[in-house]
1. Just name the residue that is modelled with the highest pLDDT out of those in the range A:31-49 that are farther than 23 Å from B:Thr513 by Cβ and more than 9 Å from chain B (Cβ to nearest Cβ).
2. I'd like to know if the range B:366-373 contains one or more residues that are out of contact with any Leu (no Cβ under 6 Å at 6 or more places or on another chain), without any contact (Cβ under 8 Å) to a residue 24 or more places away in the chain and at the interface with chain A (Cβ under 8 Å from one of its Cβ atoms).
3. From B:Gly237, B:Gly197, which residue is surrounded by fewer than 23 Cβ atoms within 10 Å (Cβ to Cβ) and at positive phi?
4. For the range B:237-280, which residues satisfy the criterion of being more than 10 Å from chain A (Cβ to nearest Cβ), part of a loop (DSSP other than H, G, I, E, B) and more than 16 Å from the chain's Cα centre (by Cα)?
5. Please go through the range B:337-353 and pick out each residue that is part of a helix (DSSP H, G or I), more than 7 Å from chain A (Cβ to nearest Cβ) and crowded, with 23+ Cβ neighbours inside 10 Å.
6. List pairs: first in the range B:498-515 and touching a residue at least 60 places away in the same chain (Cβ under 8 Å), second among the polar types (S, T, N, Q) and not in a helix (DSSP H, G or I), Cβ under 7 Å, 6+ apart or cross-chain?
7. Condition check: modelled with pLDDT under 90 and outside the structural domain of B:Gln158 (by TED's automatic domain parsing). Does B:Tyr595 satisfy that?
Amino acid sequence: MLVLIMALGLPMAAAAVHPDEVLDDPALEARARDISKGLRCLVCRNESIDESTAELARDLRLLVRERLMAGDSDAQVRAFVADRFGEYVLLNPPARGSTLILWLAAPALLLFGVGLAVAYVRRQARAPAPAEAALSTQDKARLQKIMKG
Amino acid sequence: MITEFGHFALVLAFMVALFQMIVPMLGAVWHRPGWMAVAKPAATAQFALTACSFGALTHAFVTSDFSLRLVVNNSHTLKPILYKITGVWGNHEGSLLLWVLVLTLFGAMAAWFGTGVPPALRARVLAVHASVAAAFFAFILFTSNPFLRLAVPPFNGQGLNPLLQDPGLAVHPPFLYVGYVGLSMAFSFAVAALLQGRVDAAWGRWVRPWTLAAWIFLTIGIGLGSWWAYYELGWGGFWFWDPVENASFMPWLLATALLHSAIVVEKREALKSWTILLAILAFGFSLVGTFIVRSGVLTSVHAFASDPARGLYILGILILFVGGVLLLFALRAGAMEAKGVFAPVSRESALVVNNLLLAVSALVVFIGTIWPLIAEMIFDRTLSVGPPFFNTTFIPFVIGLALVLPLGAMLPWKRGHIRALRPLLGAGVLAVAATLLTWAVFTGHSALGPIAIGLAVWLVAGAAVDLWARTGRGAPARRRLGRLARLPRADWGKAVAHVGFGLTMFGIAALTTYETQDIRIARPGEPYQVGAYNITLLGVGQVQGPNYTSAMATIQVTDQGRGPEVLRPERRVYPVAGMPTTEAAIDNGFTRDIYIVLGDPQDDGGWVVRTYIKPFANWIWGGALIMALGGGLSLSDRRYRVAAGAAGARRRAPNGGVNGGVPAE
């Protein structure tokens, strides 16, 4: 966190959306906020345009609202912004191409883990219960050997 | 002169570490008690020398010795004394010195208090520990030496970022470091056990206090960072899924898993090789975190050192230690024969589920964190992996954990039956009721909120039911209350930590789902309504601070039926830094925070004012604190004082402590 601050420093200091940007229609405004939270502020790193005070973020926020006013769907707005600023602008990487690996990693790892765990638990349950007894007979045999030797 | 002394002490400490890495290990292999015994004074000397070195650097900061490059870059004569001291670790070189100081302290503590550990194991543990220390000593001396002088010292230093001059932030890094480095102890024990080829219940009992201590510090450290972000960054965010945050969160997840699997080793002698692997991975991820932060490969603006040589060196340490040890693990893990057998329905199985969810979630966070790097290097795509991705993939794991936790906590060891869970029925009904009620009352929000709140109720009620059930069935309530007070500390620790998890979850759910925001241009004297609160901007005045000027607003907040509250949010300008900062004003409350931020002035005399009503915000960090408290309770259990303190543990429990006197965890 310390590091986070040193780097991000002061520009992060204030919330971003200005009263003059807010749309009159609360439903549309809520959608705009939601979309803004998923778009990266390109000049400030690891801040969404909803949080950033940067000028570029403000332009992007206005652009999002403009597109919404023009009747675009949420997906269309995101696609519109991504077309102009590149995939980098999307904080939620779209699940296509190689990014599918990223999205499938969690379920795949989980399935793999569940498989391992189930196999382990079942093997455990089936294993002979008195493991100590088996060992002690071995020990006895060894003991006898030693005694004889 | 003192500086040279500190520098020399550091070099000596490096030499001692090299010695301690080799001689006790050979002693353990060749069965030479004298060679093994040398580890103890060596560990003490290593710590003492590092402490001298750290003291010398602190002295240079306190006396503002501007012939040191590090002091020039990070200090200033006018800085308050507290921040002169914390400035020692507010930079790359100094923070690494703090890192090895903690590392050597842990090594020395293992040498002093580890008298119950068999000599051969202890010698190996200390040797492995010294090898980690040696690698970091070399790293400091060769790439990040804090004791470098300047030929021509300037008159004054360049100061420290004003945002960093904050008491919460001053203690945040030491907490995290103690946490990270504490995991190195578990790592050393794991490697020593692999080398020795033996893991038993006693091993579990030695490892767990160290892991628990590390976990407590990590929990507090992460909580402090999150709290700081909340009150300082000006809009009340508390977690950003930033690579640097993830770097501390992954070891925390793995340490939590390790904590639970070490219980299984200790009680039941099962899950041995998995526990070893977790111990290796938990510390491995601490190193990965250090690599991410120090090398700056990920979103480089967050790192204070973007020197590729340093990054490469840490990558080297990482590959050498984690890679080498994983290889050792692959060769030796087969020898770790499990003794304890358990049925599919048992505490052991529940802890396997806990470990599965925690470990996989840590891996998912890891993949998400490094994916931008992989995408760019392998697939030539520049993309971002941000909070939406992490929320989508991580939250299911948390839900799974919370669902299973109270069930697993109630199941008996070895072989259980669903019947054992019957007392939880009430908690389950309560949780479902809470979900439905929240759902019905607050319509039009994300469905996740009610679910998470129901789960939080489930966790808290489940922990209470579990504690109550431990007092024995059938006895009169008064007798049971008396027994409740006498339950082992470990039982209380477990319940308290789980309640803390529930409270944090509740706070996060409430804050993220039911926050009220208001952004407007407020004119002095004109009241407006936000939620149930009446808010009036009374005026904005100019205030002169010690090293800043500030526009301070006076805002009156009235609640129905309660007297007015005055909040004073500020906009500060630090002339030296030349940048404005905002100081949010927060009215902390048990059920909500009122969080007010002052924005820009308008031409007509109004000011932009942002008001947030944040329900149950403090529960997030309160819960983290309670989790840490639970860890502390567990750590203070008599068994661990015995285990950590003396050989008595072995004398008292010759079969490894699985006997009846040990409280069920």
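The values are calculated or read from the model by the stated rules, or taken from the named source; none is laboratory data. Predicted model only: the values in this text are computed from it and were never measured. As a convention, Cβ positions derive from the backbone with ideal geometry for all residues, glycine included, and neighbour counts pool all protein chains shown.
1. A:Cys41
2. yes
3. B:Gly197
4. Listed by number, the list is empty, since nothing qualifies.
5. B:Arg347, B:Glu348, B:Leu351 - these are the residues of the range B:337-353 that are part of a helix (DSSP H, G or I), more than 7 Å from chain A (Cβ to nearest Cβ) and crowded, with 23+ Cβ neighbours inside 10 Å.
6. Every condition considered, the pairs that remain are B:Thr513/B:Ser446.
7. Judged against the criteria, B:Tyr595 is not a match.
The rows are residues; the columns are (1) touching a Leu at 6+ places or on another chain (Cβ under 7 Å); (2) in contact (Cβ under 8 Å) with a residue 40 or more places away in the chain; (3) over 13 Å from B:Thr104 (Cβ atoms); (4) assigned to a loop (DSSP other than H, G, I, E, B).
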| position | (1), (2), (3), (4) |
| --- | --- |
| B:Phe5 | no, yes, yes, no |
| B:Ala13 | yes, yes, no, no |
| B:Gln20 | yes, yes, no, no |
| B:Met36 | no, yes, yes, no |
| B:Ala42 | no, yes, no, no |
| B:Phe47 | yes, yes, no, no |
| B:Ala51 | yes, yes, no, no |
